[in-house]
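Here it is, the structure in full.
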Amino acid sequence: MRRQRGFTLLEVLVALVVVALSLGAIVQATGGYTANQAYLRDRTFAEWVAHNQLVTALMSSDWPDTGRTRGEVELPRAGAGIGAREWRWVMQVSTTPEEELRRLDIEVYPLDADEDEAPLATLTGFKGKP
């Protein structure tokens, strides 16, 4: 009688388990990478929003009053080839020990973020009296 060569059913099942575990790890790593990329994209856009608001405040000829200012902006703009996203920014203007200098603290959140959620970007600047 000739002995046949090949894999037993047990060997095939063990090989399939190894492949399934490997594929599961690859899918999980890819999902984590994708989520991280989306987070970094959002942080970058939030930083841009903060910089835009700071530059707008610094370029204005008005002396800013102390207190909070809020606003919303869309970035990137629709039609830029990337899905537009709306952002909520909060600017806190406060006094400094120097009377002719104001501190501007800007925080940026996704528009759909909860009130108690941490900002995606925070930026501080100073404006001198014109």
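The values are calculated or read from the model by the stated rules, or taken from the named source; none is laboratory data. All values reported here derive from a predicted model rather than from experimental measurement. All Cβ positions, even for glycine, are placed from backbone atoms using ideal geometry, and neighbour counts span all protein chains on display.
Tell me which residues, restricted to the range 1-57, are within 20 Å of the chain's Cα centre (by Cα), of a type in the set (S, T, N, Q) and surrounded by 11 or more Cβ atoms within 10 Å (Cβ to Cβ).
Matches in the range 1-57: 44, 52, 53.
Do we find a residue being of a type outside the set (D, E, K, R) and in contact with a helix residue (DSSP H, G or I) (Cβ under 9 Å, 6 or more places away or on another chain) anywhere in the range 98-107?
Scanning the range 98-107 turns up at least one residue that is of a type outside the set (D, E, K, R) and in contact with a helix residue (DSSP H, G or I) (Cβ under 9 Å, 6 or more places away or on another chain).
OK, next. Within the range 96-109, is there a residue that is closer than 17 Å to residue 43 by Cα and among the hydrophobic types (A, V, I, L, M, F, W, C)?
yes
Every residue, every condition in (1) within 20 Å of residue 43 (Cβ to Cβ); (2) among the aliphatic types (A, V, I, L, M); (3) at pLDDT below 95; (4) surrounded by fewer than 13 Cβ atoms within 10 Å (Cβ to Cβ), yes or no:
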residue	(1), (2), (3), (4)
75	yes, yes, yes, no
85	yes, no, yes, no
90	yes, yes, no, no
127	no, no, no, no
130	no, no, yes, yes
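Quick one: residue 42 ticks every box in (1) more than 30 Å from residue 130 (Cα to Cα); (2) in contact with a Ser or Thr (Cβ under 7 Å, 6 or more places away or on another chain) bar one, so which box is it?
Status for residue 42: all satisfied but (2).
Any residue at all in the range 32-42 that's of a type in the set (A, V, I, L, M) and either touching a residue at least 24 places away in the same chain (Cβ under 8 Å) or in contact with a Lys or Arg (Cβ under 7 Å, 6 or more places away or on another chain) (or both)?
The answer is no; no qualifying residue exists.
Quick check on my filter: what residues within the range 94-130 are assigned to a loop (DSSP other than H, G, I, E, B) and of a type in the set (Ser, Thr, Tyr)?
Across the range 94-130, the qualifying residue is only 96.
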